[in-house]
Amino acid sequence: MKQNFEGRSILVTGGASGIGRSVALLCGEAGAAVTVTDVNSEQGTQVAEEIVQKGGQAQFVQLDVADEAQHHAAVAAAVKAFGKLDGSCNAAGKPFQGRLMHEIDPDFWERVYALNLRSVFFSIRAQVPAMLQGGGGSIVNVASTAGVAAFPAGADYCAAKGGVLSATRAAALDYAKLGIRVNSVLPGATRTAMMQGQFDAFEGLEEMVMAGSPMGRLAEPNEIAYAIRWLLSDEASFVTGSMMVVDGGLTAA
């Protein structure tokens, strides 16, 4: 089923690659005007151009999600270009260092926190006022199964993603009566460039992940993005504060 996003303005952080890219393309396919944001301007511009080439509306805005001012600038650009902001997917993130907790470099821990959790706080601070001005909206934060099921040598990432889940539920309660829904999606291991980078960095990680997957494979980015697009749509109008697990049965095992 394809949701109708005609007349909707959607902003995606981390939209240059992986899950964020798939969300941007699927929302554009459904008729949304998409503001693609990412720190990678070359790849982000390509995603926006792909949407336009397929007959949609899109723009690219460079965004370092660790910088709050840039979040406000990105939202302002979305409103300027498309008149409003109806929804957002906050998909930007940073992987784990792969060390035991006492061995994690504190600066790396802070960077993981900044790009996975504080960035969501900055996103919501910037996005909500624009959505309130337009009468409501929908926010989807990309968390991870790591937020509910920890794994060895991943305390930095697990802690940040667990924080995303708690922040999402709290925000859902804050805005439930104000017309803004806030939900999270918890992907399992997904075939993205970031995931491949982790496989390349840590010997045996890919085999461990595959062995732990009930379906015996990774998710494709689109399989996560379809769930996100549904949460952004009117079909999910009574869904807020949810943690939608899309993990091939991993956390059910």
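A few notes on this one:
- Within the stretch 125-166, the only residue that satisfies the criterion of being among the charged types (D, E, K, R) and more than 15 Å from ASN90 (Cα to Cα) is ASP156.
- Among the residues making up the stretch 40-66, those that are within 23 Å of VAL128 (Cβ to Cβ) and out of contact with any Gly (no Cβ under 9 Å at 6 or more places or on another chain) are GLN59, ASP64, ALA66.
- Remark: pairs (first residue in the stretch 2-24, open to solvent by 50 Å² or more (accessible area, probe 1.4 Å); second residue among the polar types (S, T, N, Q); Cβ separation under 7 Å; 6+ apart in sequence or on different chains) = SER17/GLN43; SER17/THR192.
- Test: ASP107 is acidic (Asp, Glu), closer than 14 Å to THR37 by Cα and out of contact with any strand residue (DSSP E or B) (no Cβ under 7 Å at 6 or more places or on another chain): no
- Here LEU186 meets the list (1) in a helix (DSSP H, G or I); (2) within 27 Å of VAL128 (Cβ to Cβ); (3) of a type in the set (A, V, I, L, M, F, W, C) almost entirely, failing just condition (1).
- Within the stretch 144-157, being part of a helix (DSSP H, G or I) and farther than 24 Å from SER22 by Cβ holds for ALA155, ASP156.
- Scanning the stretch 44-91 for residues that are open to solvent by 40 Å² or more (accessible area, probe 1.4 Å) and among the small types (Gly, Ala, Ser) yields GLY55, ALA69, ALA73, ALA76, ALA81, GLY83.
- The residues on offer are ASP156, ASP200, and the sole one that is open to solvent by 40 Å² or more (accessible area, probe 1.4 Å) and out of contact with any Leu (no Cβ under 6 Å at 6 or more places or on another chain) is ASP200.
- Total residues in the stretch 200-246 satisfying the condition of being over 22 Å from GLY15 (Cβ atoms), at pLDDT 95 or above and in a loop (DSSP other than H, G, I, E, B): the figure is 6.
- Here LYS177 meets each of (1) at pLDDT 90 or above; (2) in a helix (DSSP H, G or I); (3) more than 30 Å from GLY134 (Cα to Cα) with one exception, condition (3).
- Once the stretch 221-253 is narrowed to residues that are free of Cβ contacts under 8 Å to residues at least 40 places away in the same chain and open to solvent by 60 Å² or more (accessible area, probe 1.4 Å), the residue that is farthest from the chain's Cα centre (by Cα) is ALA252.
- Between ALA189, ALA193, ALA170, the distinction of being touching a residue at least 12 places away in the same chain (Cβ under 8 Å) and either open to solvent by 40 Å² or more (accessible area, probe 1.4 Å) or more than 23 Å from the chain's Cα centre (by Cα) (or both) belongs to ALA193 only.
- Qualifying positions in the stretch 92-143 - surrounded by fewer than 21 Cβ atoms within 10 Å (Cβ to Cβ) and outside any helix (DSSP H, G or I): LYS94, PRO95, GLN97, GLY98, ARG99, LEU100, ILE104, ASP105, GLY135, GLY136
The values are calculated or read from the model by the stated rules, or taken from the named source; none is laboratory data. Predicted, not measured: the structure shown is a model, and the values here were computed from it. Counting neighbours? That spans all protein chains shown, and the Cβs are built from the backbone with ideal geometry, glycine included. Remember, those area values only see protein heavy atoms, side chains included, never the ligands or the DNA or RNA. Shrake-Rupley method; radii C 1.70, N 1.55, O 1.52, S 1.80 Å.
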